[in-house]
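Coordinate-derived values only; no laboratory data. Computed from a prediction, not measured in an experiment: that's the story for all the values here. Cβ placement follows ideal geometry from the backbone for every residue including glycine, while neighbour counts extend to all protein chains displayed.
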Amino acid sequence: MKLSKLVLATVALASGLAAGQAMAQAKEQFIPVLSYRTGPYAPNGVPWANGYVDYIKLTNARGGINGVKFSFEECETGYDTARSVECYERLKGKNGGASFVQPLSTGATFAITEKAPADKISVVTVGYGRSESADGTVFKWNFPIAGTYWVAADAILQAIAKKEGGFDKLKGKKISLVYHDSPFGKEPIPLLQERAAMHGFTLTLLPVTAPGVEQKATWLQVRQNRPDFVVLWGWGIMNSTAIKEAQATGYPREKMYGVWWAGAEPDVKDVADGAKGYNAVTMQHGAEPNSKLVKDVMAMVHSKGQGTGPKEEVGQVLYMRGAMSAMLAIEGVRSAQDRFGKGKVMTGEQVRWGLENLNLTQPKLDALGFAGVMRPISTSCVDHMGASWARIHTWDGKAWQFTSDWLQGDEQIIKPLVKSTAAKYATEKKLTPRTPADCQS
């Protein structure tokens, strides 16, 4: 009797262990989604979030990463730094812990950067955040993959210089920066000042109080100063307001260049023909309605009634940005699995290693649906950005059209700026830059 009970107990224990192992194998990677679908930035925040979530769903529909699928939970931030930090704190430990976090706000990035090393959670900022965080020897947990604001600013100035016939032709010219008065808006200033000193153009800084619905005084200054070019560093309603004010004051839209967060459909659709000629830098991609990625999303997500937003939005600029942002971080998980075990759920530290060792070749990007959309990206311990490619697209009154060849941020200017600013941060925070040995871990 005792023996049979022992046998039963052993069987029960074995069954329990087997069930536990099955549960462990079925466990998912968790992604906290910090988004803003309400407030003055919602028109731009919503399509990004829809693209981001749809790509997570697409990854799961494709079978996950070596069978490991992803769970996620959205938290509404309203593009507010304090609320973003609250969302981060609430979600960082859920479902086994966050794989990574994408704050979608430069202010929130600054705040979460201070917390990430202790939490062992990577802060992925695709095309935003701290430009100096491209230096992985100082910013071990930050990944501004595919481009920083210094890359964006440099690409814009390259496009302007080409239009004028070379950088030497910028001497004596006037360029005004109309910018969102926040950490986001201030990011390009060091690069623009560096270029102004090199090439002899005058840079005028015109801050706009958030959210940017009142700009009449700003554009009065533009009318008075009559700059040769205006660089617009806006987000949300600020962008369409700026274009409308330019139209009202008679400033030529073809002499305006927006950052890649000021170059999407919500920024121009209400102005339509009034925005014709307006330019913006792109973070590699533009609107990509004919891409394989869009076809896959339509076939594997939307056709099954699982789409996050309207079908018409799939492939638009910010939708693609959200999908691209999700893809880059999820590929960090794949990279981690390649080293630490395929088909296993990765820890925060393992995902960090994966993000630092991305090698997205063109065939890999093409297979993921980004053929013709993106160029290769390769990160390292020293370089957490991995690529500095951009293009210019221009609004023709109905759609965005590419109007430049591929541009690449000038490393001779950007790298020293990254190095010096990162070193200053390390000194302020009493951080010791990573050693070659640390780079292997």
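Assuming R0 = 30 Å, can you tell me the calculated FRET efficiency for the pair THR249 and LYS171, based on Cβ-Cβ distance, to the nearest 0.05?
0.70
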Q: Using only Cα atoms, find the angle between the long axis of helix 81-91 and the longest principal axis of the chain, and express it within 0 to 90 degrees, rounded to the nearest 10.
A: 10
(Q) Please report the net charge: other residues with Cβ closer than 12 Å to the Cβ of ALA326, K and R +1, D and E -1. (A) 0
Q. Given the rule -39500 (n - 2.57) for each run of at least 4 DSSP H residues, summed and divided by the residues of the chain, what is its mean residue ellipticity at 222 nm, to the nearest 500 deg cm²/dmol?
A. -13500 deg cm²/dmol
Q. Stretch LYS304-PHE340 to full length: gain in nm at 0.36 nm per residue minus the Cα-Cα span?
A. 9.6 nm
Q) Once the other residues with Cβ under 10 Å from the Cβ of GLY51 are scored (Lys, Arg +1; Asp, Glu -1), what is the net sum? A) -1
Q: For the chain, list log₁₀ I(q)/I(0) at each q in 0.06, 0.14 Å⁻¹, using the Debye formula over Cα point scatterers of equal strength and ignoring solvent, two decimals each.
A: -0.26, -1.32
Q) Semi-axes, largest first, in whole Å: what does sqrt of 5 times each Cα gyration tensor eigenvalue give for segment 361-438? A) 33, 19, 10
Q | segment 37-90: Cα Rg divided by the 2.2 N^0.38 Å rule of thumb | A | 1.35
Q: Could you calculate, for segment 76-233, the ratio of the Cα radius of gyration to the Kirkwood radius, expressed as Rg to Rh?
A: 1.06
Q) To one decimal place, what orientation-averaged projected area in nm² is obtained for the convex hull of the Cα set of segment 204-327? A) 8.5
(Q) Can you give me the angle between helix 317-340 and the longest principal axis of the chain, using Cα atoms only, in degrees from 0 to 90, rounded to the nearest 10? (A) 40
**Q.** Most fluctuating residue given options GLU254, GLU312, GLU356, as computed from a GNM of the chain linking Cα atoms under 10 Å
**A.** GLU312
Q. Any number yet on Rg/Rh for segment 289-441, C-alpha, Kirkwood?
A. 1.03
Q. Taking only Cα atoms, what is the 0 to 90° angle, nearest 10, from helix 411-428's long axis to the longest principal axis of the chain?
A. 60
Q) In terms of Cα to Cα distance under 20 Å, which lysines are near enough to LYS295, apart from those fewer than 8 places away along the same chain? A) LYS57, LYS304, LYS311, LYS364
Q: Have a look at ALA217, ALA329, ALA287 and tell me which one the Gaussian network model of the chain (Cα, springs below 10 Å) gives the largest fluctuation.
A: ALA217
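Using the Kirkwood radius over C-alpha pairs as Rh, can you work out the diffusion coefficient of segment 156-224 via Stokes-Einstein at 25 °C, viscosity 0.890 mPa s, in µm² per second? Working shown, then result.
Working: Rh = 13.0 Å.
Once the numbers are plugged in, D ends up at 189 µm²/s.
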Q: In a Gaussian network model over the chain where Cα atoms closer than 10 Å are linked, find which of MET346, MET256, MET198 has the largest mean-square fluctuation.
A: MET198
**Q.** DSSP beta bridges in the chain [antiparallel fraction, %, rounded to 5]
**A.** 30
**Q.** For TRP406, net neighbour charge (Lys/Arg +1, Asp/Glu -1) across residues whose Cβ lies under 10 Å away
**A.** +1
Q: Enumerate the lysines that LYS429 could reach by cross-link, defined here as Cα to Cα under 18 Å, with residues fewer than 8 away along the same chain left out.
A: LYS115, LYS120, LYS140, LYS419
